[in-house]
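The values are calculated or read from the model by the stated rules, or taken from the named source; none is laboratory data. None of the values given here were measured: they were computed from a predicted structure. Note that we place each Cβ from the backbone using ideal geometry, even for glycine, and neighbour counts take in every protein chain shown. Areas reflect the complete protein model, heavy atoms only, side chains present, ligands, DNA and RNA absent. Shrake-Rupley method; radii C 1.70, N 1.55, O 1.52, S 1.80 Å.
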Amino acid sequence: MRELVVEAPAKINLTLDVVGKRTDGYHELETVMHQINLVDTIHLKKDLKGINVNSNSNLIPLDENNLAYQAAAKMFKNYHIKEGIYIFIEKRIPVGAGLAGGSTDAAAVIIGINKLYELKADQNDIMQLAASIGSDVPFCVLGGTAMARGRGEILQPLASTLNLSMVLVKPDFQLSTAEVYRAFNLNKVETRPDNTAFLDTWKNCDIIGVTKNIANVLESVSIRKHGEIALIKQKLIQLGALNALMSGSGPSVFGIFIDKRSAQQAGEIMKKDYNEVYVVSSYI
Ligand code: C5P
């Protein structure tokens, strides 16, 4: 095999709670991550020498600052691969949006190199390598839906037959995850998720219960800075969403609808006011 194409789905956080500050500066999380069918496509091709990254997007770095580049470099080093690789990132996931776009590209490169070079790498080793690239990368390797704890690397897969219909809106600005966490103050949080209640409703495929229990403590930082996030949530709910929430550190907002038709109708209306609106569902 000389080439391979891998899908890299975006994620949203259905819940996100900060349960402590760690000595390494990171925050201790309890968050439910969920992949959606908004995907980048990663094209991998064996090459003679070096790591070459290219993309249809001019919003991402093509050098060692790109997480996909870092993933390739670490895989090549750890598994003593002497050849080179060409990586083309067909970008669809908005950048700096709270959707793990960079992390999922890195995860796809890890999965892809493992297949392309028939490494049969140990799953624990892969997950450790993933965590060394970024907190969301292990989840992106695992995929589906999972409760993530620790920095985000301790994962509990969550089975469900729920297929969520959503409208995702990315406002015209980006947020830095590091800055949002730096400004986070638990005393300023109004609503924390009840993850136990969420997991119960998730297990029972109770869509109404699930939507009642979505919550993200990082909204307290991002909404204070950008009121537009709250406005988008409000609009999605007015258009029939069962509930709406910011994903990750933002600024993307998703509204969950009872079915695909209602999501499509609301999506058409949101497109009149916002440039980046996606009607999406769970990645199955
Ligand atoms: O791990 P990653 O590089 O993706 O994290 C980006 C930034 O988000 C970190 O530098 C840190 O400031 C913050 N972060 C955190 N606690 C986490 C995950 C990320 O404080 N659990």
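For the reader, a short list of remarks on this structure follows.
- Residue 59 vs. criteria open to solvent by 10 Å² or more (accessible area, probe 1.4 Å), more than 16 Å from the ligand (Cβ to nearest atom) and part of a strand (DSSP E or B): no
Rundown of residues vs (1) away from the ligand (no atom under 16 Å from the Cβ); (2) closer than 18 Å to residue 9 by Cβ; (3) of a type outside the set (Ser, Thr, Tyr), yes/no style:
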| position | (1), (2), (3) |
| --- | --- |
| 119 | yes, no, yes |
| 122 | yes, no, yes |
| 126 | yes, yes, yes |
| 132 | no, no, no |
| 141 | no, yes, yes |
| 145 | yes, yes, no |
| 155 | no, yes, yes |
| 160 | yes, yes, no |
| 167 | yes, yes, yes |
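Okay, residues lined up against (1) among the aliphatic types (A, V, I, L, M); (2) touching a helix residue (DSSP H, G or I) at 6+ places or on another chain (Cβ under 9 Å); (3) open to solvent by 60 Å² or more (accessible area, probe 1.4 Å):
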position	(1), (2), (3)
231	yes, no, yes
243	no, yes, no
253	yes, yes, no
262	no, no, no
269	yes, yes, yes
272	no, no, yes
277	yes, yes, no
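- When the stretch 86-101 is filtered for residues that are open to solvent by less than 40 Å² (accessible area, probe 1.4 Å) and of a type outside the set (D, E, K, R), the ones remaining, listed by number, are 87, 89, 93, 94, 95, 96, 97, 98, 99, 100, 101.
- Restricting the stretch 1-23 to residues that are closer than 21 Å to residue 221 by Cα and either loosely packed, with under 13 Cβ neighbours inside 10 Å or of a type in the set (Ser, Thr, Tyr) (or both), the residue that is nearest to the chain's Cα centre (by Cα): 15
- Matching residues, the stretch 30-45, being surrounded by fewer than 23 Cβ atoms within 10 Å (Cβ to Cβ) and within 14 Å of the ligand (Cβ to nearest atom): 30
- Taking helices (runs of 4 or more DSSP H) as the structural unit, those lying wholly within the stretch 153-248 and holding at least 2 residues that are modelled with pLDDT of 95 or more and closer than 22 Å to residue 273 by Cβ correspond to 219-225, 228-238.
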